[in-house]
Amino acid sequence: MNGQERLVCSFVPGNATLKDGSTVGISSPGEDARDLLLGLFQKLSLDTVLLRFLRPIKYWEPVVNDILSNARIIIIGLRDGEAVASAEAYDTGIRGIAELGIVVRDDLQGKGLGTTLTALLALCLLEKGYHALEAYFDPGNIAMRRIMVDKLGGRVIGYGRDMVFTRLDLEPNRERLLAVLRERYKSVNREL
């Protein structure tokens, strides 16, 4: 990883409860991270790939290598031994500000897992001294806008060519993050 250790979050591992009552295990990746991420990404629909990666992808190995090399924090959602979601935070080059990368397998979208993972990742970043989480996405990605702005308290900070830029200030939204997680997430290691 570019000379920096990946950050470890004290709130992980745990279990996320989805809107349908089912659960997804949440963990930091181990030695099997490459295989888990490859398995997840190869099962995504083209629409989901375009919303998350903003382009079609034919070869997943370079994408996974980039994630494993550059992400400061990686959280993986697991069900039946397979990755069903991934959330990552990347340094932006501006001290204390991280960039979000997240994807949820198609069959689990709309069940609250993306919101839970984003809130958890934000809380982990806050624990590590970060003060903001940014996300940029296609304007058609209504779910991401709902998560960042409506549910977690972020705001739109700009628009680019076919892009929406959002920022979630972490400390001012700590209680909002905790409220989401108290409803949907149980950490193995500590209370929320």
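Things worth noting here:
- Residue within region 116-125 that is at pLDDT 95 or above, touching a Pro at 6+ places or on another chain (Cβ under 7 Å) and open to solvent by less than 70 Å² (accessible area, probe 1.4 Å) present: no
- The set of residues in region 25-42 being touching a helix residue (DSSP H, G or I) at 6+ places or on another chain (Cβ under 8 Å) and in contact (Cβ under 8 Å) with a residue 60 or more places away in the chain consists of I26, F41.
- Residue satisfying all of: in region 1-37; hydroxyl-bearing (S, T, Y) and more than 24 Å from L126 (Cα to Cα); nearest to the chain's Cα centre (by Cα) among these: T23
- Long-range neighbours under 9 Å by Cβ, at least six apart or interchain, first residue within 12 Å of K128 (Cβ to Cβ) within region 6-24, second aromatic (F, W, Y) and open to solvent by less than 60 Å² (accessible area, probe 1.4 Å): F11/Y185
- Residue satisfying condition, being surrounded by 12 or more Cβ atoms within 10 Å (Cβ to Cβ) and at pLDDT 95 or above, within set P29, P13: P13
- Single match in R95, R72, R79, R52 (criterion: within 15 Å of the chain's Cα centre (by Cα), of a type in the set (K, R) and more than 22 Å from I142 (Cα to Cα)): R72
- Condition met for V180 (closer than 17 Å to T48 by Cβ and in contact with a helix residue (DSSP H, G or I) (Cβ under 6 Å, 6 or more places away or on another chain)): no
- Hey, L40 in a helix (DSSP H, G or I), under 23 Å from R184 (Cα atoms), within 18 Å of the chain's Cα centre (by Cα) and modelled with pLDDT of 95 or more or not: yes
- Given (1) in a loop (DSSP other than H, G, I, E, B); (2) touching a strand residue (DSSP E or B) at 6+ places or on another chain (Cβ under 8 Å); (3) not charged (D, E, K, R), number of the condition L117 does not satisfy: (1)
- Taking region 106-152 as the range and being hydroxyl-bearing (S, T, Y) and more than 21 Å from R95 (Cβ to Cβ) as the test, the residues that pass are T115, T116, T118.
- Residue pairs meeting the criteria (Cβ under 8 Å; at least 6 apart or on separate chains; first under 12 Å from D91 (Cα atoms) and touching a residue at least 24 places away in the same chain (Cβ under 8 Å), in region 62-77; second part of a loop (DSSP other than H, G, I, E, B) and open to solvent by less than 10 Å² (accessible area, probe 1.4 Å)): I73/C9
- Of the residues making up region 146-191, those that are in a loop (DSSP other than H, G, I, E, B) and either basic (K, R) or open to solvent by less than 40 Å² (accessible area, probe 1.4 Å) (or both) are L152, G153, G154, R161, L170, R190.
- Residue satisfying condition, being among the charged types (D, E, K, R) and farther than 29 Å from E183 by Cβ, within set D66, D107: D66
- Output for region 50-83, where each listed residue is assigned to a strand (DSSP E or B) and under 17 Å from E31 (Cα atoms): I73, I74, I75, I76, G77, L78, E82, A83
The values are calculated or read from the model by the stated rules, or taken from the named source; none is laboratory data. Predicted, not measured: the structure shown is a model, and the values here were computed from it. Neighbour counts run over all protein chains shown; Cβ positions are idealised from the backbone, glycine included. Side chains included, ligands, DNA and RNA excluded: accessible areas come from the protein's heavy atoms. Shrake-Rupley method; radii C 1.70, N 1.55, O 1.52, S 1.80 Å.
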